[in-house]
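Have a look at the structure below before the remarks.
The values are calculated or read from the model by the stated rules, or taken from the named source; none is laboratory data. Nothing here was measured: the structure is a model prediction, and the numbers come from that model. All Cβ positions, even for glycine, are placed from backbone atoms using ideal geometry, and neighbour counts span all protein chains on display.
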Amino acid sequence: MIQEKTFTLKNDISELNSLREFSEVFGQENKISNDIINKFQLAFEELISNIIFYGYDDELPHQIDVVFTLDGKSMAVRIVDDAKEFNPLAKEDPDISLSIDERKIGGLGIYLVKSLMDEVNYKRESGKNYFYIKKYF
C-alpha cells in the first residue's frame with residue numbers, strides 16, 4: 001500500500017524547522033529508521049535551502065511542496081517549487097580528490113544528496129521544478 005503525505009512551506013528558511021519536525025513524525029508513524037530520516041533531512045534541507053536562497057528573483061512569498069511517499073520497499077520525497085529553472089544534476093560532480101584550494105566553488109551540496117540517496121531525479125514541467133529523491137530499505 002502506498003502512503004503519501006504533503007508538507008507545504010513558504011520560501012522562508014525558518015520553515016525548515018517545521019519540515020524537519022514533520023519528517024520525524026512521519027518517520028515515527030511509519031517505523032522508518034532514524035538513519036533513513038536523517039539522510040532525507042540532510043538531503044531536503046540542502047535542496048530547499050538552495051531553492052530559497054537562489055531560486056527566486058523577487059521577495060514575494062512562494063510555495064514549496066514536499067511530498068513524502070512510502071511504498072513498502074522505499075521512501076521517496078518529491079520537492080515541487082516555482083523557482084527559476086535549475087537542474088543541479090546537469091552539473092559535473094566536484095573532484096573531491098583535489099584540495100579545497102584547488103576545487104571549484106559549489107557543487108558539494110548536490111554531491112552530498114546523490115551520495116545519501118539511491119535515486120535522484122529532476123524535471124521541469126509547466127513552470128515548476130520537480131526534484132525526486134529516493135532511498136530503498
Can you work out which of the residues in segment 1-32 that are polar (S, T, N, Q) and in a loop (DSSP other than H, G, I, E, B) is surrounded by the fewest Cβ atoms within 10 Å (Cβ to Cβ)?
N30
Options R124, R103, R78: the member that is among the basic types (K, R) and modelled with pLDDT under 95
R103
Scan F86, F131 and give me the residue that is under 16 Å from the mean Cα position of the chain (by Cα), at pLDDT below 95 and surrounded by 12 or more Cβ atoms within 10 Å (Cβ to Cβ).
F86
Using beta carbons and a limit of 6 Å, which pairs, at least six apart or on different chains, have the first residue in segment 44-68 and touching a residue at least 60 places away in the same chain (Cβ under 8 Å) and the second one of a type in the set (D, E)?
I51/D81
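Considering only segment 33-63, how many residues are assigned to a helix (DSSP H, G or I) and either among the aliphatic types (A, V, I, L, M) or touching a Phe, Trp or Tyr at 6+ places or on another chain (Cβ under 7 Å) (or both)?
So the answer is 8.
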